[in-house]
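In what follows, a single structure is set out as structure tokens and then discussed.
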Amino acid sequence: MPPALCVDLADEPVQTPNRARPALAAVGGGLVLIGSFMPWASVATALGTISIAGTEGDGKITLAIGLAMLLLSVLELTGNVMAVGLPTRILGPIAAFGAVGVGGYDLVNVSNSLSSASSQFARASIGVGLYAVVGGGVIAIVGGFINR
């Protein structure tokens, strides 16, 4: 056999898969999931503070998206690169864009609603949960641009 056709497998470098993309997707999915339960808006008065949790509205949607993001990232971390006939590498960013879309939509709507609710007797503000949902989606989108 000619020497050009002989391949010594010991000389081949072993490549380990890059786990940064699914790890960032898992962090982002966790933030979306946790942010769905946290307050999305609050009104503070002299009598106390009233908070509205995300699950009282569109947080139910982001909760499902966050669970999907976590599941897809765990599948990819364990080596299962296909889910429902599509690559997890494609489904994950789609779910992340969904979280940013729903969270961003609610962020704008809540912001517009709260601007008219504030007065000298009450102070309305956007809750940390809404920021967590949008931030988690953005983190997962950024992770989607990392090459494997």
**OP:** Identify, by number, the condition in (1) touching a Ser or Thr at 6+ places or on another chain (Cβ under 6 Å); (2) modelled with pLDDT of 85 or more; (3) of a type in the set (V, I, T) that I94 doesn't meet.
**Re:** (1)
Original post:
Quick check: anything in segment 120-130 at pLDDT 90 or above and either over 24 Å from I52 (Cα atoms) or small (G, A, S) (or both)?
Top reply: yes
**OP:** Might you check whether a residue that is at pLDDT 85 or above, closer than 26 Å to P39 by Cα and assigned to a helix (DSSP H, G or I) occurs anywhere in segment 73-88?
**Re:** yes
Subject >> Matching entry among I65, I94, I52 (being of a type in the set (A, V, I, L, M) and in contact with a Gly (Cβ under 6 Å, 6 or more places away or on another chain)) >> reply: I65
Original post:
Does A124 qualify as being among the small types (G, A, S), within 13 Å of the chain's Cα centre (by Cα), buried (at least 17 other Cβ atoms within 10 Å of the Cβ) and within 23 Å of S36 (Cα to Cα)?
Top reply: no
Original post:
Going through segment 36-50 one residue at a time, which ones are buried (at least 16 other Cβ atoms within 10 Å of the Cβ) and over 21 Å from the mean Cα position of the chain (by Cα)?
Top reply: S42, V43
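The values are calculated or read from the model by the stated rules, or taken from the named source; none is laboratory data. Since we're looking at a predicted model, the values are computed, not measured. Here Cβ is always computed from backbone atoms with ideal geometry, including for glycine, and neighbour counts include all displayed protein chains.
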